[in-house]
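Have a look at the structure below, then the notes.
The values are calculated or read from the model by the stated rules, or taken from the named source; none is laboratory data. Just so it is clear, the structure is predicted and the values come from calculations on it, not from any experiment. FYI the Cβ positions are ideal-geometry reconstructions off the backbone, even for glycines, and counts take in every protein chain you see. Remember, those area values only see protein heavy atoms, side chains included, never the ligands or the DNA or RNA. Shrake-Rupley method; radii C 1.70, N 1.55, O 1.52, S 1.80 Å.
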Amino acid sequence: VYSGTGQDTPEIPVEIVYGGTGSEAELAGLDLTNKGLVIVQADRINIRNASKYAYEKGAKMIFAVNQDSNEKFDDYIKKYAHYLTNERLGLATAESGSPAGNFYIKPSVAEKLTKTSMDKLLKANESFKSGKANAYTKIKGNKASFKLGVEKREVLSENVLGFLEGTDLKDEIVIITAHYDHVGVNNGKVYNGADDDGSGTVGLLEIAEAFSMAKAEGHGPRRSILFMPVTGEEKGLLGSAYYAEHPVFPFENTVVDLNIDMIGRIGNRNFETEEYVFLVGADKLSQELHDISEEVNKTYTNLHLDYTYNDEDHPERIYYRSDHWNFAENNIPIIFYYNGSHADYHKDTDTVDKIEFDLLKKRAELVFYTAWELANKEGKLKMNE
């Protein structure tokens, strides 16, 4: 099953090579020029990263085994049939010799492509882990071919940029983001997205109003603030990805991105207090950012800050799943504010009557105070070594 937004292609012949789980270390020693790469990898983000690196090395297509049995693969296809056959949105890209995307394949197809049993493929993975650098070059795959037929049409959407100029440090930028898109209408039902991400968008607007009032009263921030509701998050972080490719303000002058995605509800959690927010990413690139966030919270809002999802290997992969990721990937420190999932997530029942407005207000205040501190502090954030 093809996944991606590639170009129309003629039939493309490839020789098959095997690349383990598709990590950069595993692929570094392989000749991928004009090859078809088979990997055993279940994580969508890891597959995307493997594809990106493999295409840079000249690969023509990636074939990913994302389920550990043929039966589970068939169940996967049934479960996601609507998603897999639906239209996809992607950024308009230049015509390329290497089509984007990958094929999801079942284990039996991987065995045909590599001329190797799944047991031996997995043993090769273990051999590589134990230090045998040539574990994958011993696997001589079949020859194969693929062809893509893609119908495309152009649709337009917009990021919204609100700029508040700073004073003596106005060339340095603090960015505050929240995505204003949701999933639309499905089977006649309107998906309002009151929490995801109406809450973040409204919070951003309130923060923008507070900064604007401060400036009007002669107390504007030293650094400039870019308030940016972005589009296309639900379709693959597209709005923030577009900004990352076409930044209006240079990234070398961008201090931080504070991203708000779902701050209006009491979500799933393993602690009792309702006065909380999940924080993700603050310490990944700058420990100083984490320390400032903690100190601001103690001084002003006294919320319970929970870091359950801060683990990059957490199964829900939250660090990679909202618009902050496109800034973090470009070495810009980030904090992601999140209330956790709940029973109405991505359903037509995510409605405004369920929003906890006092809690939304308090969480938005934490973002404001953090942004205020970052916009006025001496010196840029210290980056981790």
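Structure data summary
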| item | result |
| --- | --- |
| Evaluation of GLU209 against (1) touching a residue at least 24 places away in the same chain (Cβ under 8 Å); (2) not in a loop (DSSP other than H, G, I, E, B) (one fails), failing number | (1) |
| Qualifying residue in segment 76-83 (condition: modelled with pLDDT under 95, open to solvent by 40 Å² or more (accessible area, probe 1.4 Å), more than 20 Å from ILE39 (Cα to Cα) and among the β-branched types (Val, Ile, Thr)) | no |
| Any helices (runs of 4 or more DSSP H) falling wholly within segment 223-300 and containing at least 3 residues that are more than 17 Å from the chain's Cα centre (by Cα) and charged (D, E, K, R) | 287-296 |
| Counted residues, segment 10-29 - those being under 17 Å from ASN49 (Cα atoms), assigned to a loop (DSSP other than H, G, I, E, B) and open to solvent by 20 Å² or more (accessible area, probe 1.4 Å) | 3 |
| Conditions (1) more than 21 Å from LEU374 (Cα to Cα); (2) open to solvent by 30 Å² or more (accessible area, probe 1.4 Å): number failed by SER341 | (2) |
| Single condition HIS314 does not satisfy, out of (1) loosely packed, with under 15 Cβ neighbours inside 10 Å; (2) modelled with pLDDT of 95 or more | (2) |
| Any hit, segment 79-93, residues being of a type in the set (D, E, K, R), out of contact with any Phe, Trp or Tyr (no Cβ under 8 Å at 6 or more places or on another chain) and over 30 Å from ALA241 (Cβ atoms) | no |
| Checklist (1) open to solvent by 30 Å² or more (accessible area, probe 1.4 Å); (2) in a loop (DSSP other than H, G, I, E, B) applied to GLU365, failing item | (2) |
| Candidate set from segment 138-151 (those that are part of a strand (DSSP E or B) and among the small types (Gly, Ala, Ser)); member that is surrounded by the fewest Cβ atoms within 10 Å (Cβ to Cβ) | SER145 |
| Residue ID - surrounded by the most Cβ atoms within 10 Å (Cβ to Cβ), chosen from residues in segment 152-198 that are in contact with a Phe, Trp or Tyr (Cβ under 9 Å, 6 or more places away or on another chain) and part of a helix (DSSP H, G or I) | ASP197 |
| Among (1) closer than 17 Å to ARG363 by Cβ; (2) touching a residue at least 40 places away in the same chain (Cβ under 8 Å); (3) surrounded by fewer than 20 Cβ atoms within 10 Å (Cβ to Cβ), the one test that LYS235 misses | (1) |
| Looking only at segment 208-224, and only at residues there that are of a type in the set (A, V, I, L, M, F, W, C) and in contact with a strand residue (DSSP E or B) (Cβ under 6 Å, 6 or more places away or on another chain), the one that is farthest from VAL160 (Cα to Cα) | PHE211 |
| Subset tally (residues that are more than 23 Å from ILE176 (Cα to Cα) and either without any contact (Cβ under 8 Å) to a residue 40 or more places away in the chain or part of a strand (DSSP E or B) (or both)) for segment 330-352 | 2 |
| Unique residue being within 23 Å of GLU24 (Cα to Cα), in contact with a Phe, Trp or Tyr (Cβ under 9 Å, 6 or more places away or on another chain), in a loop (DSSP other than H, G, I, E, B) and open to solvent by less than 20 Å² (accessible area, probe 1.4 Å) when the list is ALA135, ALA110, ALA124 | ALA135 |
| Single condition ASN34 does not satisfy, out of (1) open to solvent by 40 Å² or more (accessible area, probe 1.4 Å); (2) among the polar types (S, T, N, Q); (3) at pLDDT below 95 | (3) |
